[in-house]
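The structure under discussion appears below in the form of structure tokens.
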Amino acid sequence: MKKNKFAPLLILFLTISSSSCSTSSSDKPYTFTNGDFELGTLSNWTISGDAFNDTCVLISDSNKDKIHVEGNFYLSGESVGNEAVGTLKSTSFKLKGNGKISFLIGGGANPDLVYVSIHKDDTGEEITRISNKFFNHEVPNNRMYRIVVDLKEYIGEQLYVQLNDNDSSNSGYNYIMVDDFEISSSLNEDDGTLLSDARNYTLKYKDTVNDRYRHTYHLMPTIGWMNDPNGFVYYDGYYHLFYQHNPYSPSWDTMYWGHAISKDLIKWTDASIALAPDKSYDKNGVFSGGAVVDGDKMHLLYTAVGETGVQQQALATSFDGVSFTKRNMNPVIDSSMRLNSRITDFRDPYLFVKDDVYYALIGGKLEGEGGQLLLYSSSDLLNWKTIGSIYSSTITGSGMFECPNYAYMDGKDIIITSPQSIRDADKASYQNIHSVTYQIGNLDFENGIFTNDNGVDYMEEFDKGFDFYATQIYQEEDRTIMLAWMNMWSRSYPSAIDGYAGEVTLPRELELKDNHIYQKPIQEIQNYYQNETILNEIECSDNEIKLDVKGDKIHLNVEIDVSNLNGGKAGFKLLQSENESTNIYYDDFLGMVVFDRRNSGVDIDSFDDDGELNVRYARIEPIDNKIKFEIFVDVSSVELFINDGYYTMSGLIFPSEAGKDISFFTEGGSAHLTSGVFHDIEVN
Ligand code: FRU
């Protein structure tokens with residue numbers, strides 16, 4: 001991957017900040033007063049000499065990204081002049097937790113004269129001195145880098161920080177820059193082994209998985225388990241997608257964040273595990289969350305699950321898109337901010353920026369039935385304000401509202417969520433164990449009030465198939481891209497014995513039209529189309545006609561006229577062999593499109609209430625008597641876009657006979673294949 005040009009250095013120097021905090025908010029990591037300069041002045045700092053005054057506290061401007069400012073303000077001695085000398089002393093603080101202090105440092109050409117020192121408060125004794133070790137190290141000298149200082153032998157003592165500028169010469173960069181002093185308060189020591197162990201395990205064993213069902217143009221874990229896609233973002237020339245991951249077995253366990261990158265959303269490269277559950281506050285798992293890019297930084301906001309199951313939101317930051325530093329202020333949205341969500345069901349922050357403000361939309365579970373969506377705002381990702389619950393629902397039987405997403409489309413605010421356990425008597429609605437829904441309306445970001453255009457509780461499903469959950473949205477200037485976990489909870493899939501489980505859908509572009517969201521296959525897939533074949537028109541009357549195209553990595557885009565179907569069925573048999581096929585058809589009697597995987601191959605078992613197991617329905621109106629099917633098959637998955645993506649139906653299938661034939665069939669009437677195009681899809 002193309003790395004940030006400073007990446008090797010950064011990996012070397014950006015010591016992963018090792019402090020953390022316990023789950024109780026009173027024990028939260030802290031800074032001494034105005035240790036982040038966010039008061040905008042030097043208040044609470046004691047000035048002596050001439051090197052520092054209020055003009056040194058600068059507001060970050062367009063330079064912010066270049067110099068790595070945290071929050072809005074930082075300190076730079078430059079404004080006072082090169083010759084000035086003096087010191088700046090912080091208020092005193094008690095060193096707690098694992099005894100680590102971290103901060104950003106820049107400038108300081110002469111390390112003997114310009115440095116940060118830390119002192120005992122009672123005697124003034126200097127216990128350590130830190131200068132800018134990155135100066136002249138092939139990195140910009142006016143850029144700040146994070147330093148972590150380990151002072152564990154002083155835990156419990158009262159200390160202060162002092163900035164020293166004793167350089168009276170007039171040479172360049174003989175002033176100091178600093179920002180964001182953070183002092184940890186947790187005893188938990190992170191030595192990074194969980195992360196490196198998991199990365200090494202993957203490298204060592206990835207070639208042991210059996211490839212027979214592996215997709216070719218969908219993202220899957222190299223080995224082990226994947227559930228929700230997380231933190232979908234574009235950074236430094238690549239799309240980055242993270243995912244819930246257990247490298248050690250093809251089943252859910254304590255979660256890590258897997259990581260993959262792609263230039264075009266189709267061909268993915270493993271980028272190595274990004275987050276491990278290695279802090280006291282996330283010992284029981286790094287659960288789902290989102291990402292934003294801020295200049296050359298990428299931030300991940302994820303749910304940290306602590307030992308008792310408590311769920312809080314934590315921030316991790318990267319300067320190279322590969323290694324992530326969990327922040328000393330974690331958890332940045334702690335469980336005291338969960339409103340009336342259960343303490344163990346407050347998770348899956350979706351991170352986005354609107355009008356220069358960061359927002360996090362978080363899922364919650366109410367006591368009893370129902371879930372809710374909670375909105376928070378922040379200017380710096382570290383300090384968050386609760387806006388409120390924008391939607392709460394007590395739909396009978398429903399559980400937690402997981403994995404919320406937000407999108408702004410055509411002047412409308414779109415709220416997407418994955419509500420657990422909603423069921424409907426209508427066989428074309430809410431048949432899955434859990435669903436993904438959207439609501440269209442207007443969100444008042446100040447007061448946290450969402451007004452649904454279609455009535456308070458109205459939600460629509462995106463996908464009427466089997467395997468579609470926990471979406472991630474990424475909005476570009478001119479398109480909204482959505483993808484999802486193509487799988488479902490509480491089922492057992494045959495690929496598990498091959499050493500892996502879980503995959504991501506084909507990315508889809510969303511379009512809001514007539515109060516409905518349409519999904520289009522992402523256009524980049526077209527770059528992988530091969531062997532284009534235009535299908536001849538075919539009339540089929542109570543019959544089955546084999547097409548002269550075949551394959552198990554294919555794109556088939558067809559239109560059939562159903563005006564003479566007379567209550568019968570018309571559609572396609574895919575991955576067909578002597579005894580097996582996956583059937584997709586329009587049932588004129590029901591007025592529904594049907595995805596039938598009962599005879600697809602090896603059985604998929606479910607151990608929950610799973611609708612009519614292995615058959616799914618979507619209610620569809622023919623347009624001018626025609627139904628359009630756009631189908632993608634990738635070895636063990638079928639994704640169907642019906643009538644230009646009015647609905648999709650996604651499902652996994654596990655053929656045992658490796659059939660590749662495709663037939664057009666009708667039952668009880670006739671249908672006409674009016675147009676069609678076929679492609680092989682070849683990625684490699
Ligand atoms: C949804 C989910 C999330 C949670 C994650 C844990 O599939 O249950 O709510 O963060 O999976 O892996």
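The values are calculated or read from the model by the stated rules, or taken from the named source; none is laboratory data. Fair warning: this is a prediction, and the values are worked out from it, not measured in the lab. Cβ placement follows ideal geometry from the backbone for every residue including glycine, while neighbour counts extend to all protein chains displayed. To get the accessible areas, we keep the full protein, side chains included, count just its heavy atoms, and leave off ligands, DNA and RNA. Shrake-Rupley method; radii C 1.70, N 1.55, O 1.52, S 1.80 Å.
List the number of the failed condition for ALA470; all other conditions in (1) under 23 Å from GLY651 (Cα atoms); (2) more than 16 Å from the ligand (Cβ to nearest atom) hold.
(2)
Within the stretch 335-354, identify whether any single residue is over 26 Å from GLY448 (Cα atoms) and surrounded by 24 or more Cβ atoms within 10 Å (Cβ to Cβ), and answer yes or no.
Here is the first cut: in the stretch 335-354, the residues over 26 Å from GLY448 (Cα atoms) are none.
So far as the stretch 335-354 goes, no, none of its residues is over 26 Å from GLY448 (Cα atoms) and surrounded by 24 or more Cβ atoms within 10 Å (Cβ to Cβ).
Considering the stretch 72-110 alone, what residues qualify as being of a type outside the set (S, T, N, Q) and out of contact with any strand residue (DSSP E or B) (no Cβ under 9 Å at 6 or more places or on another chain)?
Listed by number, the residues that qualify are GLY81, GLU83, ALA109.
Here is a yes/no grid of residues against (1) farther than 18 Å from TYR469 by Cβ; (2) outside any strand (DSSP E or B); (3) acidic (Asp, Glu); (4) open to solvent by less than 10 Å² (accessible area, probe 1.4 Å):
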position: VAL633; (1), (2), (3), (4): yes, no, no, yes
position: GLU639; (1), (2), (3), (4): no, no, yes, yes
position: GLY651; (1), (2), (3), (4): no, no, no, yes
position: PHE654; (1), (2), (3), (4): yes, yes, no, yes
position: GLU657; (1), (2), (3), (4): yes, yes, yes, no
position: THR666; (1), (2), (3), (4): yes, no, no, yes
position: LEU673; (1), (2), (3), (4): yes, no, no, yes
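Report, ordered by the first and then the second residue, all pairs with beta carbons closer than 7 Å, sequence separation of six or more or different chains, a first member in the stretch 126-150 that is acidic (Asp, Glu), and a second member that is in a loop (DSSP other than H, G, I, E, B) and at pLDDT 70 or above.
From the stretch 126-150, the pairs are ASP150/GLY99.
What residue, among those in the stretch 394-449 that are charged (D, E, K, R) and either closer than 28 Å to GLU477 by Cβ or touching a strand residue (DSSP E or B) at 6+ places or on another chain (Cβ under 7 Å) (or both), is most open to solvent (accessible area, probe 1.4 Å)?
Out of the qualifying residues, it is GLU446.
Within the set of pairs 6 or more residues apart or between chains, which connect a residue that is farther than 14 Å from SER650 by Cα inside the stretch 600-626 to a residue that is open to solvent by less than 80 Å² (accessible area, probe 1.4 Å) and of a type in the set (D, E, K, R) with Cβ atoms less than 6 Å apart?
Short answer, once both residue conditions are applied: GLY601/GLU580; ILE604/ARG491; SER606/ARG491; ASN625/ASP561; LYS626/GLU559; LYS626/ASP561.
Within the stretch 273-295, how many residues are modelled with pLDDT under 95, open to solvent by 30 Å² or more (accessible area, probe 1.4 Å) and more than 16 Å from the ligand (Cβ to nearest atom)?
1
Being more than 16 Å from the ligand (Cβ to nearest atom) and surrounded by fewer than 23 Cβ atoms within 10 Å (Cβ to Cβ) is the filter here, so list the residues in the stretch 364-380 that pass it.
Those that are more than 16 Å from the ligand (Cβ to nearest atom) and surrounded by fewer than 23 Cβ atoms within 10 Å (Cβ to Cβ): GLU367, GLY368, GLU369, TYR376, SER377, SER378, SER379, ASP380.
Would you check if ASN174 is of a type in the set (S, T, N, Q), touching a strand residue (DSSP E or B) at 6+ places or on another chain (Cβ under 9 Å) and at pLDDT 90 or above? Before you say what the answer is, go through the steps one by one.
Details: of a type in the set (S, T, N, Q): yes; touching a strand residue (DSSP E or B) at 6+ places or on another chain (Cβ under 9 Å): yes; at pLDDT 90 or above: no.
So ASN174 does not fit the description; no.
Go through the residues of the stretch 149-163 one by one and say whether even a single one is modelled with pLDDT of 80 or more, part of a strand (DSSP E or B) and at positive phi.
Step one: list which residues in the stretch 149-163 are modelled with pLDDT of 80 or more, which gives 149, 151-163.
With the extra rule that they be part of a strand (DSSP E or B), the set shrinks to 149, 158-163.
So of that shortlist, the ones also at positive phi come out as none.
Among the residues of the stretch 149-163, not one is modelled with pLDDT of 80 or more, part of a strand (DSSP E or B) and at positive phi, which makes the answer no.
Of the conditions (1) within 16 Å of the ligand (Cβ to nearest atom); (2) modelled with pLDDT of 90 or more; (3) not β-branched (Val, Ile, Thr), PRO250 clears all except one; give me its number.
For PRO250, the failing item is (2).
Those residues that are on the phi > 0 side of the Ramachandran plot and open to solvent by less than 10 Å² (accessible area, probe 1.4 Å), I need them from the stretch 260-272; list them, please.
Correct list: LEU265 only.
Those residues that are within 12 Å of the ligand (Cβ to nearest atom) and assigned to a strand (DSSP E or B), I need them from the stretch 473-497; list them, please.
Within the stretch 473-497, ALA484, TRP485 meet the criteria.
Taking the conditions exactly as written (more than 30 Å from TYR358 (Cα to Cα) and open to solvent by 60 Å² or more (accessible area, probe 1.4 Å)), does THR123 satisfy them or not?
Against the criterion (more than 30 Å from TYR358 (Cα to Cα) and open to solvent by 60 Å² or more (accessible area, probe 1.4 Å)), THR123 qualifies.
Could you figure out which of (1) outside any loop (DSSP other than H, G, I, E, B); (2) touching a residue at least 60 places away in the same chain (Cβ under 8 Å) isn't true of ASN564?
Going through the list (1) outside any loop (DSSP other than H, G, I, E, B); (2) touching a residue at least 60 places away in the same chain (Cβ under 8 Å), ASN564 breaks only (1).
Looking only at the stretch 220-247, count every residue that is closer than 27 Å to THR417 by Cβ, within 16 Å of the ligand (Cβ to nearest atom) and in a loop (DSSP other than H, G, I, E, B) and tell me the total.
1
Based on what the data block shows, is PHE52 of a type outside the set (D, E, K, R) and on the phi < 0 side of the Ramachandran plot?
For PHE52, the condition - of a type outside the set (D, E, K, R) and on the phi < 0 side of the Ramachandran plot - is met.
I need the full set of residues from the stretch 296-319 which are among the aliphatic types (A, V, I, L, M) and surrounded by fewer than 22 Cβ atoms within 10 Å (Cβ to Cβ), in order please.
Taking the stretch 296-319 as the starting set, the residues that turn out to be among the aliphatic types (A, V, I, L, M) are 298, 300-301, 304-305, 310, 314-316.
Answer for the stretch 296-319, where residues must be among the aliphatic types (A, V, I, L, M) and surrounded by fewer than 22 Cβ atoms within 10 Å (Cβ to Cβ): just VAL310.
Among residues belonging to the stretch 606-631 that are among the hydrophobic types (A, V, I, L, M, F, W, C) and open to solvent by less than 40 Å² (accessible area, probe 1.4 Å), point out the one that is nearest to ASP424 (Cα to Cα).
Applying the filter and picking the extreme gives ALA618.
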